[in-house]
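The values are calculated or read from the model by the stated rules, or taken from the named source; none is laboratory data. Just so it is clear, the structure is predicted and the values come from calculations on it, not from any experiment. Here the Cβ positions follow ideal geometry from the backbone for every residue, glycine too, while neighbour counts run over all protein chains shown. These accessible areas exclude ligands, DNA and RNA; they are computed on the full protein's heavy atoms, side chains included. Shrake-Rupley method; radii C 1.70, N 1.55, O 1.52, S 1.80 Å.
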Amino acid sequence: MMNRIRVPSGGGRQSLSLSSRGVWLCYLVAVAAATAETQYHNQNVMTHVSSSNKYSGRSTALRSTRTLESPELPSSVKGARAIQSVTTDDADTASESCTPAFLQQCSACSSSSPTPTPTSLQSLTQYDCSTPGLTPEMAGIHEGVTVNYLSFVTSTSSPNLPIRALEFTNCTGGIISFSEAANVWEDPIQDLGTSLNADGRSNGDEVFDGYFMSYSHFPEASNLELAEHLNDRIRNDNTRFKWEDVLPKVQQMGKYRKDGETHIDFLMYDGDFFVPLVRLDLLEAHDKPLPNTWQEVVELAMYFNNSDLNDDGEPDYGFCHFPRLGAGYWDWWWPEALYSTWATSDQTHGMDQGFFFDETTMEPRIRNSGFRQAAEVWRELWRHGSDGCITPNFSTGRCAIGFAPPGCWKGLFLDPRDESEREGGEPFYGVKRTDENGTVVWYPKLKSGEYAEPYRFKPFGSTEVYDRETNALIPCTSRACPKAEPITPLTDRASILPPSPLLNQLINRAPFYWSGGLGTMIRKSTTLPKKDCMWDFFVYTNSPDTSVYDVANYASWLDSWRHSQLSSRDQFLRAGWSERSYEEHTKVMHWALSKESNGALNLRIPGLAEYTRDVVGGAMMLFIEGEISSTQLVDDVEREWNDITYRRKTLEQLDIYRAALGLDSLSEVEKCRLHRTLMDDTDPSVCRRYDPLDQATLLWAILAPTFMAILGLI
């Protein structure tokens, strides 16, 4: 994917049409090569940068790096011009991207740039804080501080951050040393710690000061008090951070409730949930209405599957989704697509209700819920579909309906050409088929002849929900589904389709915030100077000053999480989005991440991989392949979830499950009433304090004071 990005160039910025990875690697290599001609001794200042692909397979260790040697700079300027290191594979990529055209535009690394000499080096003591988001007061404030930051496939997930790190270093002197996790879910938690030793310290390695990780996993660290609480930092630094600008549901995703207090432990950089796209040209040509419910989606998937959808004579797919098996690490989380369907029939009262477990007994809500129905939906979608993100299936017109996080769809709407190249040039087709010369030979058209740009709309829902009191499936009403909305006539470009047969019925939608939602955390036990440096970098990269541009211009995983990002219409249009794709994107994002949304949180307790990947994923594949029935599926998942919960200590899992939903822990009295055996196994004395007295004991308790008074008179 080609992106328009900004590259540090002296005090200004250049806008280039290069791969984001290639540009900043080229920048680093070129600067290192130019600076190496000085007379100073070699000194290595490293920042690890990944060359792995977003969907690479599993690895067991962090990648090794080859450090580019750089000159020994005076201590006063090391922070202002730190030379980073890259992997061997990255050096090859950089060499491909360091074209003469790029070097000519990049004043910091072009052949015309002056080779640093002892005289010119003196100018480097002048910190550059001219970039928006950095202020003169920040000049040199972190000089001498290096923080270790654990990222994950940075070149794809967050390619803007290394560039922002250079800008940050040039202003503050603080160095952000990037390392790449082999596993974004497990490595941060292993470094933070999974338990406390006898002295109360973490059992983690504690190598890193900050982390780029999934929001699904930080509650495990928060429960052990291993995450820095950010409430006071946000409060004291809100002039820069602008907490009120963060979308309401995104704010909630970074919170954790413990001991009666709500802590902000996690800064989201991503408003991530599953979003559908549909081919309007196919629905129009076949006189089909827009699908609203999961049942309608299954019907359309079965209708279009094995049809030729892009005029190449080959059978195509009715439904393309992500994640799906074959997606590397994301294989772990494909059952979360099933969770997104389950939530629509089981969560009706908002985010803090949840739907995975009973919030008082910690019993799985597998048997008397929409789990079985969701499994049956996904069995059919799996059989009548294919991948929707790691392959070009959707972009080449092979899919009728897509279902994936917003980041998967960016390339379909983000025209990589510069504005000058677009003017008077060929139209941009995000979905197309080309010949061997790159000539467009097919693109989807409406009956009017207009390009049928993929249509983005709200996630699918259910018109029936499970009543938790009767365990029965009932029609959605305003009482049963207070978060539901009526299905209304379409008034946008999808109005060319026939009206929905479910018009005016209430539908319960639940945008599902899956494990792909990413953000950052600071380790509580690191030193104060490192915390301050890490915090300032996070504020700089999260605040509207930089993130408004970065979200619109990079084809990264980071999807809008702020009001200001969604309201920056001009940024999106300059980046190559069409007016209608921008409007449809912002409409869905605002709805899904609003305060009123029925947004559903992912399962966020220790052992997530066991519950989801091992149990649900394994059992679902057997169900899809017809090796077990839906009854056996329910039995197996329920039994194995109970086993995992018991092995990981039910009461601890219950506390974390409730805290992740924003609920207080049950009181000792409630736990003794509901979980007496488990409480006694831990400490038999606790519940005895709340036991009712037997009659003899009660009589003695009443008469004892009287007898003592009589004895006192004798």
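Scanning segment 324-364 for residues that are out of contact with any Phe, Trp or Tyr (no Cβ under 6 Å at 6 or more places or on another chain) and in a loop (DSSP other than H, G, I, E, B) yields a count of 15. When segment 138-152 is filtered for residues that are assigned to a loop (DSSP other than H, G, I, E, B), out of contact with any helix residue (DSSP H, G or I) (no Cβ under 6 Å at 6 or more places or on another chain) and surrounded by 23 or more Cβ atoms within 10 Å (Cβ to Cβ), only PHE152 remains.
Conditions (1) charged (D, E, K, R); (2) touching a residue at least 24 places away in the same chain (Cβ under 8 Å), marked per residue:
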site	(1), (2)
SER478	no, yes
CYS481	no, yes
SER495	no, no
GLN505	no, yes
ASP532	yes, yes
PHE537	no, yes
TYR540	no, yes
TYR549	no, yes
ARG569	yes, no
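Scanning segment 153-170 for residues that are in a helix (DSSP H, G or I) and hydroxyl-bearing (Ser, Thr, Tyr) returns THR154, SER155, THR156, SER157, THR169.
Does ASP187 satisfy the condition of being open to solvent by 10 Å² or more (accessible area, probe 1.4 Å), touching a residue at least 24 places away in the same chain (Cβ under 8 Å) and in contact with a helix residue (DSSP H, G or I) (Cβ under 6 Å, 6 or more places away or on another chain)? Spell out the reasoning first.
Working: open to solvent by 10 Å² or more (accessible area, probe 1.4 Å): yes; touching a residue at least 24 places away in the same chain (Cβ under 8 Å): yes; in contact with a helix residue (DSSP H, G or I) (Cβ under 6 Å, 6 or more places away or on another chain): no.
Considered against the rule, which asks whether it is open to solvent by 10 Å² or more (accessible area, probe 1.4 Å), touching a residue at least 24 places away in the same chain (Cβ under 8 Å) and in contact with a helix residue (DSSP H, G or I) (Cβ under 6 Å, 6 or more places away or on another chain), ASP187 comes out as no.
Screening HIS590 with (1) assigned to a loop (DSSP other than H, G, I, E, B); (2) open to solvent by 10 Å² or more (accessible area, probe 1.4 Å); (3) of a type outside the set (A, V, I, L, M, F, W, C) gives one miss only, at (1). Take ASP545 and tell me if it is touching a Leu at 6+ places or on another chain (Cβ under 9 Å), open to solvent by 40 Å² or more (accessible area, probe 1.4 Å) and charged (D, E, K, R). So ASP545 fits the description; yes.
Hey, which of the strands (runs of 3 or more DSSP E) in segment 430-521, taking only ones fully inside, have at least 2 residues that are open to solvent by 10 Å² or more (accessible area, probe 1.4 Å) and within 28 Å of ARG417 (Cβ to Cβ)? Spell out the reasoning first.
Values: elements: 440-442, 464-467, 472-475, 506-509.
In segment 430-521, the matching strands (runs of 3 or more DSSP E) lie at 440-442.
Per the listing THR541, THR526, THR546, the residue uniquely among the β-branched types (Val, Ile, Thr), under 26 Å from VAL145 (Cα atoms), in a loop (DSSP other than H, G, I, E, B) and out of contact with any Phe, Trp or Tyr (no Cβ under 6 Å at 6 or more places or on another chain) is THR526. Between ARG648, ARG689, ARG658, the distinction of being within 30 Å of LYS249 (Cβ to Cβ) and open to solvent by 70 Å² or more (accessible area, probe 1.4 Å) belongs to ARG648 only. Before we move on, is SER369 over 28 Å from LEU280 (Cβ atoms) and either over 23 Å from the mean Cα position of the chain (by Cα) or touching a residue at least 24 places away in the same chain (Cβ under 8 Å) (or both)? So SER369 fits the description; yes. Among the residues in segment 309-322, are any in a helix (DSSP H, G or I) and within 24 Å of SER560 (Cβ to Cβ)? No: zero hits. The set of residues from segment 263-300 being surrounded by 22 or more Cβ atoms within 10 Å (Cβ to Cβ) and either of a type in the set (Ser, Thr, Tyr) or free of Cβ contacts under 8 Å to residues at least 24 places away in the same chain (or both) comprises TYR269, THR293. Within the option set SER525, SER564, being farther than 29 Å from ASP191 by Cα and open to solvent by 10 Å² or more (accessible area, probe 1.4 Å) holds for one residue only, SER564. Residues of segment 365-377 that are of a type outside the set (A, V, I, L, M), touching a Phe, Trp or Tyr at 6+ places or on another chain (Cβ under 9 Å) and either at pLDDT 95 or above or open to solvent by less than 40 Å² (accessible area, probe 1.4 Å) (or both): ARG365, SER369, GLY370, PHE371, GLN373, GLU376. Has segment 204-219 got any residue that is within 30 Å of LYS410 (Cβ to Cβ), of a type outside the set (Phe, Trp, Tyr) and open to solvent by 10 Å² or more (accessible area, probe 1.4 Å)? Yes, some residue in segment 204-219 is within 30 Å of LYS410 (Cβ to Cβ), of a type outside the set (Phe, Trp, Tyr) and open to solvent by 10 Å² or more (accessible area, probe 1.4 Å). When segment 632-643 is examined, which residues are found to be in contact (Cβ under 8 Å) with a residue 24 or more places away in the chain and either exposed (fewer than 15 other Cβ atoms within 10 Å of the Cβ) or within 25 Å of the chain's Cα centre (by Cα) (or both)? Within segment 632-643, TRP641 is the sole residue that qualifies. Please verify whether segment 438-461 includes one or more residues that are under 26 Å from THR293 (Cα atoms) and in contact with a Cys (Cβ under 6 Å, 6 or more places away or on another chain). There is no residue in segment 438-461 that is under 26 Å from THR293 (Cα atoms) and in contact with a Cys (Cβ under 6 Å, 6 or more places away or on another chain).
Tell me yes or no: at least one residue of segment 248-262 is open to solvent by 20 Å² or more (accessible area, probe 1.4 Å), in a loop (DSSP other than H, G, I, E, B) and either farther than 22 Å from TYR554 by Cβ or touching a residue at least 24 places away in the same chain (Cβ under 8 Å) (or both). Looking through segment 248-262, at least one residue is open to solvent by 20 Å² or more (accessible area, probe 1.4 Å), in a loop (DSSP other than H, G, I, E, B) and either farther than 22 Å from TYR554 by Cβ or touching a residue at least 24 places away in the same chain (Cβ under 8 Å) (or both).
Each row is one residue, and each column tells you yes or no for (1) over 30 Å from GLN653 (Cβ atoms); (2) of a type outside the set (Gly, Ala, Ser).
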{"position": "HIS142", "(1), (2)": "yes, yes"}
{"position": "LEU150", "(1), (2)": "no, yes"}
{"position": "LEU161", "(1), (2)": "yes, yes"}
{"position": "LEU166", "(1), (2)": "yes, yes"}
{"position": "GLY174", "(1), (2)": "yes, no"}
{"position": "SER179", "(1), (2)": "yes, no"}
{"position": "PRO188", "(1), (2)": "no, yes"}
